[in-house]
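The values are calculated or read from the model by the stated rules, or taken from the named source; none is laboratory data. Not measured: the values here are computed from a predicted model. Backbone-built Cβ (ideal geometry, glycine too); neighbour counts: all protein chains shown. What goes into the accessible areas is simple: the full protein's heavy atoms, side chains included, and nothing from ligands, DNA or RNA. Shrake-Rupley method; radii C 1.70, N 1.55, O 1.52, S 1.80 Å.
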Amino acid sequence: MPAADLDLFNAEGAATERLLRKASPRLLQFTGSSTVANHLTQVLNGKIRIEDAGFDWKILGPDVRDVDYVAWVSDQDAYACSGQKCSAQSILFAHENWVNAGIFDKLKSLAQRRKLEDLTLGPILSWNNEKIQKHLEAVLAIPGAKLLFGGKPLTGHSIPSVYGAFQATAVHVPLKSLLDPNHFKVATTELFGPFQVVTTWKDGELDQVIEALERMDHHLTAAVVSNDAQFLNNVLSRTVNGTTYAG
């Protein structure tokens, strides 16, 4: 690429906004928070394309298969890049058949292998440990919530305290508590780091799962794990998402 084809500009948000106002670009491709995206839409009079934020979900359907592989993919979806990707898995709805097959134990085993030394964990750029710990405690305060694994800052490193360095973490929140309006916002707050909420559902509770999905604000990425065509059609026809993985 010729050197003149790309300009890199490193600055705080206010300075970048001044540059955009002065340059008046024909079109801005933006990736970031929905709050900033809404602001820039007004600043640029709509001349913007947005990759929005997302509290991204995955449903494990009633039919269980390839448990080791699904656990590995779910670990990657939640914790690769230390969870710092827009498509990161934020919440996992596991049917009780998957729980009985040991999916949570396998996720724990995979997550506990992650470490700074091999870069399977890394610095968290937008959440420091204090902020992560505060959010973790808020989620654990939801009735019935429990820590499945993780939950502690990493040690033995030189990462500046302005950044986060945290274990791959999962908190189980009962479906009933998740749906409670008093707790839903906390449980579905996106932590841009190695953190996910998991919950369990059973036959007869799919409508409640769908209710939870549709009450979330942002629908960037979704996944439905099932080989049951009727189940897939039921979920996909009743939800609105961006990139969707099914099968």
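Determine whether Val36 is open to solvent by 40 Å² or more (accessible area, probe 1.4 Å), within 30 Å of Gly151 (Cα to Cα), touching a strand residue (DSSP E or B) at 6+ places or on another chain (Cβ under 9 Å) and β-branched (Val, Ile, Thr).
Here the answer is yes, as Val36 does meet what is asked.
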> Between a first residue in the stretch 218-234 that is in contact (Cβ under 8 Å) with a residue 12 or more places away in the chain and a second residue that is hydroxyl-bearing (Ser, Thr, Tyr) and open to solvent by less than 20 Å² (accessible area, probe 1.4 Å), which pairs have beta carbons less than 6 Å apart while being 6 or more apart in sequence or on different chains?
Replying inline: Leu232/Ser226
> How many residues, within the stretch 131-168, are of a type outside the set (A, V, I, L, M) and within 21 Å of Asn182 (Cβ to Cβ)?
Replying inline: 6
> Among the candidates Leu19, Leu60, Leu27, which residue alone is in contact with a strand residue (DSSP E or B) (Cβ under 9 Å, 6 or more places away or on another chain) and over 30 Å from Leu175 (Cβ atoms)?
Replying inline: Leu27
> Within the stretch 123-171, how many residues turn out to be among the basic types (Lys, Arg) and farther than 21 Å from Leu107 by Cα?
Replying inline: 2
> Residues Lys106, Lys152: which one is touching a helix residue (DSSP H, G or I) at 6+ places or on another chain (Cβ under 6 Å), open to solvent by 40 Å² or more (accessible area, probe 1.4 Å), among the basic types (Lys, Arg) and without any contact (Cβ under 8 Å) to a residue 40 or more places away in the chain?
Replying inline: Lys106
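Does any residue of the stretch 84-100 turn out to be open to solvent by 40 Å² or more (accessible area, probe 1.4 Å), at pLDDT below 95 and touching a Pro at 6+ places or on another chain (Cβ under 9 Å)?
Taking every residue of the stretch 84-100 in turn, at least one turns out to be open to solvent by 40 Å² or more (accessible area, probe 1.4 Å), at pLDDT below 95 and touching a Pro at 6+ places or on another chain (Cβ under 9 Å).
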> Of all residues in the stretch 1-59, how many are modelled with pLDDT under 85, of a type in the set (D, E, K, R) and in a strand (DSSP E or B)?
Replying inline: 1
>> Checking the structure you have, find out if any residue of the stretch 82-92 is under 16 Å from Thr188 (Cα atoms), in contact with a strand residue (DSSP E or B) (Cβ under 8 Å, 6 or more places away or on another chain) and in a helix (DSSP H, G or I).
In response: yes
